[in-house]
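**Q** Handing you this structure, nothing more for now.
Please treat every number below as a calculation from the coordinates, not as lab data. These numbers were taken from a predicted model, which means no experiment stands behind them. For neighbour counting, all protein chains shown are included, and Cβ atoms are generated from backbone atoms with ideal geometry for every residue, glycine included.
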Amino acid sequence: MLMLIDYANVQAIQETLTYLPVDGVTTNPTILYREGKEPLELLHQIQEVLPEGAQLHVQLVSERAAGMVEEAKALRSEIPGNLFVKLPVTREGFAAIPRIVAEGIQVTATGIHSSMQGFMAAKAGARYVAPYVNRMDNFGIDGVRVATEIHRTLKSYGMETDVLAASFKNSEQVLELVRQGVGAITAAPEVLAALIKNPATDAAIAEQNRHFEILVGERRTWKDIIETR
Ligand code: G3P
């Protein structure tokens, strides 16, 4: 299971990398727009802080298949490393997927709002298919159920394509897809942070440490005890 950061703020990415086992970054035009920076320069800055081999997903904006192919090739020549170009599951996007894959460029099919779109994008050759979980929920469609169904369908055919579930507003949506065994999820830093946060953990550890302080003195650690023995 891969976990990716769906965000383009370099500082937030760096901070997340210091404590969470994440495998890369996904972006889209809105995520880049929010940073208000020249987008190519920003992609390079993101790549600089990512560990070697980490994935970087960048969404194409051409509307016609031919333009998407050219745009993908341009990105490939500019961005070294583990690049995935994200293609929308429009009719033109579907036409472009096999052509871009034939160029040796990895594809993530994005904007998926149904099981049918997910399965067809996998069949077209996408390495990842990205169902928009929370956006489906907002349309009254059970996004977790759709993402799970795509995952099960792909695996029942033994396809190499994985679900890269996206568009999360809370960590329970993420956790449910982890339980279902999807290949990858991408979420904003605060949603990823919530996966490990539990006030009961903080309270339990604080109480234990208070007891140790009473025993050995304020802020003294095992290291202090050993060195002053
Ligand atoms: O990157 C695509 C997806 O994560 C969109 O998320 O939060 O705009 O619904 P959101």
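**Q** Within a Cβ distance under 13 Å of T161, other residues only, what is the Lys/Arg minus Asp/Glu net charge?
**A** Numbers: positive: K123, R127, R152, K155; negative: E160, D162.
Summing Lys/Arg as +1 and Asp/Glu as -1 gives +2.
**Q** Cross-chain or 8 or more residues apart, Cα under 27 Å: how many lysine pairs in the chain fit that? Count them up, please.
**A** Total qualifying Lys-Lys pairs in the chain comes to 11.
**Q** Quick one: if you stick a label point 7 Å off each Cα along the C-beta vector at R145 and T18, how many nm between them?
**A** The answer from the label model is 4.2 nm.
**Q** When the distances between all Cα atoms of the chain are binned every 5 Å from zero, what whole-number percent does each bin get?
**A** Once binned at 5 Å, the Cα pair distances of the chain give 1, 7, 14, 16, 17, 14, 10, 5, 4, 4, 4, 3, 2, 1, 0.
**Q** OK, next. Using alpha-carbon pairs under 8 Å, 6+ residues apart, how would you state the relative contact order of the range 86-229 in percent?
**A** Details: 196 pairs, mean separation 22.5, N = 144.
Here the relative contact order equals 16 percent.
**Q** Hey, what D do you get for the range 161-210 in µm²/s if you plug the Kirkwood alpha-carbon radius into Stokes-Einstein at 20 °C and 1.002 mPa s?
**A** Details: Rh = 12.3 Å.
Once the numbers are plugged in, D ends up at 174 µm²/s.
**Q** Work through the residues other than L42 whose Cβ is under 15 Å from its Cβ and net out their charges, Lys, Arg +1 and Asp, Glu -1.
**A** Working: positive: R34, K37; negative: D6, E35, E38, E41, E48, E78.
That works out to -4.
**Q** Over the Cα atoms of the range 36-167, how large are the radius of gyration and the largest Cα-Cα distance (Dmax), in Å?
**A** Rg, Dmax (Cα atoms, Å): 14.8, 43.
**Q** Moving to a separate point now. In nm, what is the difference between 0.36 nm times the number of residues separating E92 and V49 and their Cα-Cα distance? Don't skip to the end; give the middle numbers.
**A** Values: separation 43, 0.36 × 43 = 15.48 nm, distance 3.34 nm.
Result for the pair: 12.1 nm of gain on full extension.
**Q** While we're here: At 0.36 nm per residue, and after removing the present C-alpha to C-alpha distance, how many nm does the segment from D202 to L215 gain when stretched out fully?
**A** On the way: separation 13, 0.36 × 13 = 4.68 nm, distance 2.01 nm.
Additional length available on full extension: 2.7 nm.
**Q** Quick one: Karplus J couplings for the range 21-31, per residue in order, coefficients 6.51, -1.76, 1.60, θ = phi - 60°, nearest Hz, x for Gly and Pro?
**A** Karplus values, whole Hz, x for Gly and Pro: x, 9, 10, x, 9, 10, 10, 8, x, 5, 4.
**Q** Another question, if that's okay. At 4 °C and 1.567 mPa s, what whole-number value in µm²/s does Stokes-Einstein give for the translational diffusion of the range 114-210, with Rh from the Kirkwood sum over Cα pairs?
**A** Details: Rh = 14.4 Å.
Translational D for this selection: 90 µm²/s.
**Q** Give the residue from W222, I79, V69 lying farthest towards the positive end of the charge dipole for the chain; charges sit on Cβ (+1 for Lys and Arg, -1 for Asp and Glu) and the dipole is referred to the Cα centre.
**A** Result: V69.
**Q** Based on DSSP, what percent of beta bridges with both residues in the chain are antiparallel, to the nearest 5?
**A** Working: 0 of 27 bridges.
Percentage antiparallel, nearest 5: 0.
**Q** For the range 35-105, go through all pairs of different Cα atoms, get the mean of 1/r, take its inverse, and jot down that Kirkwood value in Å.
**A** On the way: mean 1/r = 0.0788 Å⁻¹.
12.7 Å is the Kirkwood radius here.
**Q** What does the charge count around M116 come to, taking other residues whose C-beta lies under 12 Å from its C-beta (Lys +1, Arg +1, Asp -1, Glu -1)? List each step's numbers first, then the result.
**A** Values: positive: K123; negative: E149.
Cβ neighbours under 12 Å give a net charge of 0.
**Q** Expressed as a whole number of Å, what is the distance separating the alpha-carbon centroids of the range 193-222 and the range 153-180?
**A** Between the Cα centres of the range 153-180 and the range 193-222 lies a distance of 35 Å.
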